[in-house]
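Here's the structure, in structure tokens; my notes come after.
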Amino acid sequence: MRRKLLVGNWKMNKLVSEAKEFALASRDLAKKAKENNIDLGVCPTYLSLQTVKENASKDMIVGAQNVHFKESGAFTGEISIPMLKELGIDWSLVGHSERRTYDNETDEKCNLKIKALLQNQMVPLYCVGETLNEFEAGQTKEVVGRQVRVGLKELAAEDVKDIVIAYEPVWSIGTGKNASTEIAQDICKFIRDVLREMFGDVADGIRVLYGGSVKPENVKAYLSCPDVDGALVGGASLKIDSYEALLNNIL
Ligand code: 13P
């Protein structure tokens, strides 16, 4: 049985003071989620990670939005896994489409990051998804299949059992043009089939999320799909009322 998972990706939003306010206001929500067997998380900016970790409930997953695969060195502007671990952060997004688009995050680079996170007992939340051109050309499964296969290459079944995959069609992110539940189910099931091919029955325990214009009004429909285990939410996760409504609507 896969536990439901709701994660907010704050992207480049919120001052530290705003993040702290959210963290404090979210304490009861994390408790409510736990009582209902739902995992709740947020991915603040690096600057707010410590504040959110310290002020949110212990039950709240606090993840980074990115990480470097090397432990230390001459990589100006980067943050390493030991730096996150020192703050008690043990999740990180990998391969978000905005990083793939603006920061040259390739499948190969994602693979290095995922391997480094797993070697350090951290949970990668690996984002995959096709662009509008690829969607319109009918290439979704080819693209997503490649992203999963390359991103998770050279790993064993026991390594990947706790990873989380998020299917986020690029054309649905921040556009209000969300994928239909049929598409979300079809591609999340496809991802699980690829995982089964690569890792066997472990695939049945790996959580696959949908992301892209998820709102309180549509979150329940996505989570009612048999292969959609949760949601990765951008815009609708920023305000505590909306975040609470997302949770309430899947209880
Ligand atoms: P929106 O929910 O704003 O479309 O963003 C989705 C996303 O990119 C989450 O990582």
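Working note: 222 nm ellipticity from helices only, DSSP H runs with n ≥ 4, each -39,500 (n - 2.57), summed and divided by the residues of the chain, gives -12000 deg cm²/dmol to the nearest 500. Under 5 Å between amide hydrogens, built in the peptide plane, is the criterion, and for Cys43 it picks out Gly8, Asn9, Trp10, Gly63 among residues at least 5 positions away or on other chains. Assuming a ≥ b ≥ c are the square roots of the Cα gyration tensor eigenvalues, decide whether the range 187-233 counts as rounded (a/c under 1.5), prolate (otherwise, with a/b larger than b/c) or oblate. Prolate shape, in that a/c is at least 1.5 and a/b is the bigger ratio. Each Cα pair under 8 Å and six or more residues apart adds its separation to the average, and for the range 65-214 the resulting relative contact order is 21 percent.
Volume per residue of the convex hull around the Cα atoms, evaluated for the range 73-192, comes out as 127 Å³.
Take every Cα pair under 8 Å whose residues are at least 6 apart in sequence, average their separation, divide by the length of the chain, and the relative contact order is 19 percent. What the phi angles of the range 155-160 give under the Karplus curve with 6.51, -1.76 and 1.60, with θ = phi - 60°, is a coupling list of 10, 9, 3, 5, 6, 9 Hz, glycine and proline written as x.
Annotation: amide H of Val123 within the under-5 Å range of Trp91, Ser92, sequence separation 5 or more or interchain, hydrogens built in the peptide plane. Sorting the Cα pairs of the range 1-130 by distance into bins of 5 Å, from 0 upward, gives 2, 11, 20, 22, 21, 14, 8, 2, 0 percent per bin. Would you kindly calculate the translational diffusion coefficient of the range 160-251, applying Stokes-Einstein with the Kirkwood radius from alpha carbon pairs, for 4 °C and a viscosity of 1.567 mPa s, and quote it in µm² s⁻¹ without decimals? This corresponds to a translational diffusion coefficient of 97 µm²/s.
Taken one residue at a time, the phi angles of the range 230-239 give Karplus couplings (6.51, -1.76, 1.60, θ = phi - 60°) of x, 9, 10, 10, x, x, 6, 9, 7, 9 Hz. Gly and Pro are set to x. Note on the chain: Kirkwood radius taken over Cα pairs, Stokes-Einstein applied at 10 °C and 1.306 mPa s, translational D equal to 88 µm² s⁻¹. Each residue of the range 44-58 was assigned a 3J(HN,Hα) from its phi angle through the Karplus expression (A = 6.51, B = -1.76, C = 1.60, θ = phi - 60°), giving x, 5, 3, 4, 9, 4, 5, 4, 5, 4, 6, 9, 7, 4, 4 Hz with x at Gly and Pro. The charge dipole of the chain, taken about the Cα centre with unit charges on the Cβ atoms of Lys, Arg (+1) and Asp, Glu (-1), comes to about 420 debye, rounded to the nearest 20. All Cα-Cα distances of the range 53-110, cut into 10 Å bins from zero to the largest, leave 21, 47, 27, 5 percent in each bin in turn. Packing around the peptides 175-182, 18-25, taken as the average count of other Cβ atoms within 10 Å per residue, puts them in this order, highest first: 18-25, 175-182. Ranked by how many other Cβ atoms sit within 10 Å of their own Cβ, fewest first, the residues Lys115, Lys58, Lys31 fall in the order Lys58, Lys31, Lys115.
Read-outs throughout are calculated quantities, based only on the coordinates presented, and are distinct from any laboratory measurement. On a predicted model such as this, the values are computed, not experimentally measured, just so you know. Please note: Cβ atoms are built from the backbone with ideal geometry, for glycine as well, and neighbour counts cover all protein chains shown.
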